[in-house]
1. For region 86-97, enumerate the residues that are surrounded by fewer than 17 Cβ atoms within 10 Å (Cβ to Cβ) and either in contact (Cβ under 8 Å) with a residue 24 or more places away in the chain or over 25 Å from residue 26 (Cβ atoms) (or both).
2. Which condition from (1) surrounded by fewer than 13 Cβ atoms within 10 Å (Cβ to Cβ); (2) farther than 25 Å from residue 135 by Cβ; (3) without any contact (Cβ under 8 Å) to a residue 24 or more places away in the chain is the one that residue 31 breaks?
3. Does region 110-122 include one or more residues that are within 23 Å of residue 155 (Cβ to Cβ), in contact with a helix residue (DSSP H, G or I) (Cβ under 6 Å, 6 or more places away or on another chain) and either surrounded by 19 or more Cβ atoms within 10 Å (Cβ to Cβ) or touching a residue at least 60 places away in the same chain (Cβ under 8 Å) (or both)?
4. Taking region 114-139 only, how many residues are over 22 Å from residue 185 (Cβ atoms) and at pLDDT below 90?
5. Pairs please, first residue from region 139-165 and at negative phi and without any contact (Cβ under 8 Å) to a residue 12 or more places away in the chain, second anywhere and assigned to a helix (DSSP H, G or I) and surrounded by 13 or more Cβ atoms within 10 Å (Cβ to Cβ), Cβ atoms under 8 Å, 6+ apart in sequence or on different chains.
C-alpha cells in the first residue's frame, strides 16, 4: 500500500468515524431528550435500532475487502478495522440494552432466554464469536498471530450469517423483511469466494 494511499485514507477516517458514531448519538438523543420519538415501547425501539445498526455495521465492515477487490484500490482496507470495531460496539450495545432495559438485568430471565429462544441463542453466539476478533484487532496481535490472525478473522463471515439468521428469526416472517441484508451478505461472500478461486487458479497456472 503506497504512502499516498495511506495518507489519503487517513484524511477520511475522522469522517467515517463520525458517520459510524451518528446512530449511537441519535439513540442517545432519543433516549434522553426525545423519548416520544421512540414510540409506545422505548426500550424495544432502542433494542431494535441498536440491533439494526449492528447488522448494518457488520455488512459495512465485510464490504471493505470486496470493495478493494472490485476497485483494485487498497484505500478501503484502511477502514476495515474501524468498521469492524463499530460493528462490535453496536452488537454489545444491542445486547446491553436488551439485558438492562427489557429484562431489567434479571440474570435468571436472561439465562432462560439464552436457552429457550433460538433467535437469542444465535445472536448471543455471534456476539461471543466477535469478542476474540475485537481483542485481537490490534497490530500487535496481528504480528503475533501472523497467518492465524487471518484465519481467526474470517469468523466475521460466520458472524454476519448468524446476525442475519438472528434478525430473520426475530422478525418471524422469514426473509420477507430481512432479504436485503441476506442478499448483501451473499453478494459480499460471493465476491470473496470468486476472488479466492481466481487466485488459486492463477497460482496453479504459474506453477505450470
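The values are calculated or read from the model by the stated rules, or taken from the named source; none is laboratory data. Keep in mind it's a predicted model, so treat the numbers as computed, not measured. All Cβ positions, even for glycine, are placed from backbone atoms using ideal geometry, and neighbour counts span all protein chains on display.
1. Correct list: 92 only.
2. Exception for residue 31: condition (1).
3. yes
4. Residues of region 114-139 over 22 Å from residue 185 (Cβ atoms): 114-117, 135-136, 138-139.
Checking which are at pLDDT below 90 leaves us with 114-117, 138-139.
Summing the residues that are over 22 Å from residue 185 (Cβ atoms) and at pLDDT below 90 in region 114-139 gives 6.
5. 141/149; 142/149; 145/152
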